[in-house]
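Below is one structure, written out as structure tokens; comments come after it.
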Amino acid sequence: MMTSSSKKKTRCCFFCCFHRGNHEEKEFEEKLLSSENENDSLKTQVANYQTTNLALEENLKVEKESSQQSASSMGQQLSDVNENLEQAQANAASLDEKNKELSERIEKVESDKNTLETNLATLISERDQAREDQAKTKLELEAKLAEFQELLEKKIKDDLESRQSLAYNSLVVAVDEGVKEVNYTLDFIASEEFITHTCCAESAVEDLSKLDGELSKLSSTFETSNDSLELSHLIHAFSHRLCRTLETCKGACNRAPPEQGDDLAEKCHILGNDSVKHLHTIKQEYRKPEPDKAVLQTELSKVREDTEGMLRVARSLLIKSDDINVDEIGELVEEELNATQKAIQEGAQKVQEMLEKARMRDTGVKLEVNEKILDSVTKLMAEIQQLVRKSKVLQEEIVTSGRGSATAKEFYKKNHRWTEGLVSAAKAVGWGASTLVEKAEIIMEGKGTLNELKVCSNEIAASTAQLVVSSQVKADKESTKLADLKLSAKGVKTATADVVASSNFGEERINEADLMNFNDLSLTQTKRVEMNTQVHILELESKLVKERKKLAEIRKRHYQLAGESEGWEINGD
């Protein structure tokens, strides 16, 4: 049997193992402690009874010895002792029963304790397994997270490289298209076809100023961003603006005095070539991880210097209006627009008369050519009539919205510089229409050439553009009447192209009809025809050079006469 001290140690160990148990275990422990305390108490009582019993037995022995000596005196005492002994034995039996019961309870408590210890061990084992599983799961999740982060970083890197590649490809496309567009424009303005295109100096100055704005955007982007996609949009805008500016400035050259015109024309080609070089530099630098901004800015500065040089020349071509009679300028606008409209109406009627005569007079290829040409001229005159009508409507809107409480004459007088450009444009349109009719009549009589119609058509297209530009300077950008005028200008442009196309068609048909049959010529005759043709070509080339010089002198004189007639101040010859 366990001693009281060992049981207390066991109990302490037991409670130390279960001090973190649940509430039910605590209650059970309290009951167990109470039972053990009671068991100890009962055991103490049993020990006491046993001690008493031993004492009694000792006393009985003494009494027996004593009884032998004095049986008579001790009989009564023996009887009392026996009774006490029986009582003690009964008490001992009762104590034994209680001891047995307590032993059973202790065994049950020990059994429950073992069960709880087993359950506790199971829980601890499950807890340790759970912690091990948790640690294993944590490691797996950390490994997966690391793998996912690696994949995510790779995807981000791939996406960034893909975006950079797409952005650079977009930049390459923008640069290549820009270079192609600028080179085409340079070839176009250098061609004989462009020699008939004209434009006012005001438009050239305006376009050069806008081009300088695009260059400023490029410069800012070089300093603040390496985004190829953003730069590609700016290059598109820059290329379009550059080509428009080159055409406008070269058109202004065709109306300028020879010296200034040649200077501006040369600067046009320098600007175009430097811009192409700069576009190639952009493509080369942005192929690198870090573009060399110093190189880009240096190239850009050269283009800006070219632009500023052209702007100085273009400003020198602006009309000087200090001596103009501004009191009469308002009336002059109405007179010119009405005169232009009247001239166009008379020209359209005259073309119809020529068409009727041609149908009565001509046959075959000549009738086919004349009909096609006069039909295209008729359509062009109708488009010009529509353009002038819509121009007048827009002018009325401009004056109404801009004059306030002032009169129309006061508005024109206040804005006389703009009015001068409008009058000049209206005159040019009217003169072009009248000249076109005159040339058509000469051609119908078999005296002129179809090239004259082409020149007149191109002149009308340029004058129309000048009229639209002059009108939109003061017009509201959202005006529907301005939109109508631009639409009519497109119609005029299409119609002039039809006149040129019909002229080309006429030349082809006439050449086909007049083409010689060389099959019957001998060797000597073929050689003679070849030599005569070569001589004719040389004569035509010589005549072409002389006519170009003549054209330059005529333009110079025209510039001077126009200035004198309008009261302009002309700086030099």
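The values are calculated or read from the model by the stated rules, or taken from the named source; none is laboratory data. The structure presented is a predicted model; accordingly, all values stated were derived computationally and were not measured. Glycine also receives a Cβ, built like all others from the backbone with ideal geometry; neighbour counts cover every protein chain displayed. What goes into the accessible areas is simple: the full protein's heavy atoms, side chains included, and nothing from ligands, DNA or RNA. Shrake-Rupley method; radii C 1.70, N 1.55, O 1.52, S 1.80 Å.
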Task: trypsin sites (Lys or Arg not before Pro) within the range 414-505, DSSP loop, no more than 16 other Cβ atoms inside 10 Å - done: K447, K477
Open item on the list: At 1.4 Å probe size, with the rest of the protein present, what percent of the exposed accessible area of the range 76-145 is carbon and sulfur atoms?
Closed with: 50
Open item on the list: What whole-number distance in Å separates the alpha-carbon centres of the range 115-152 and the range 217-285?
Closed with: 69
Open item on the list: Heavy atoms of the protein only, probe of 1.4 Å, neighbouring chains included. What is the accessible area of V62 in Å², nearest 10?
Closed with: 70
Open item on the list: Taking amide H atoms as placed 1.01 Å from N in the peptide plane, list the residues 5 or more away in sequence, or in a different chain, whose amide H sits under 5 Å from that of Y286.
Closed with: none
TODO: Quick one: accessible surface of C199, probe radius 1.4 Å, all protein chains present, in square angstrom to the nearest 10.
DONE: 30
- [ ] Would you pull out the residues with amide H under 5 Å of N254's amide H, same chain only if 5 or more places away, H placed 1.01 Å from N?
- [x] C199
Task: Largest-first ordering by accessible area, 1.4 Å probe, given options K372, K549 - done: K549, K372
Task: Computed accessible area, T44, all protein chains, 1.4 angstrom probe, square angstrom - done: 70
Open item on the list: Once R0 is set to 45 Å, what does the formula 1/(1 + (r/R0)^6) return for the Cβ-Cβ distance between E142 and S220, expressed as a FRET efficiency to the nearest 0.05?
Closed with: 0.45
- [ ] Would you mind working out the accessible area per residue for the range 88-154, using a 1.4 Å probe, and quoting it in Å²?
- [x] 80
Task: With every protein chain in place, the range 210-275: carbon and sulfur % of accessible area (1.4 Å) - done: 45
TODO: Quickly rank 526-536, 281-291 as a protection proxy: mean count of other C-beta atoms within 10 Å, highest first.
DONE: 281-291, 526-536
Open item on the list: Within 12 Å, Cβ to Cβ, of H269, how many net charges do the neighbouring residues add up to if Lys/Arg are +1 and Asp/Glu are -1?
Closed with: -4
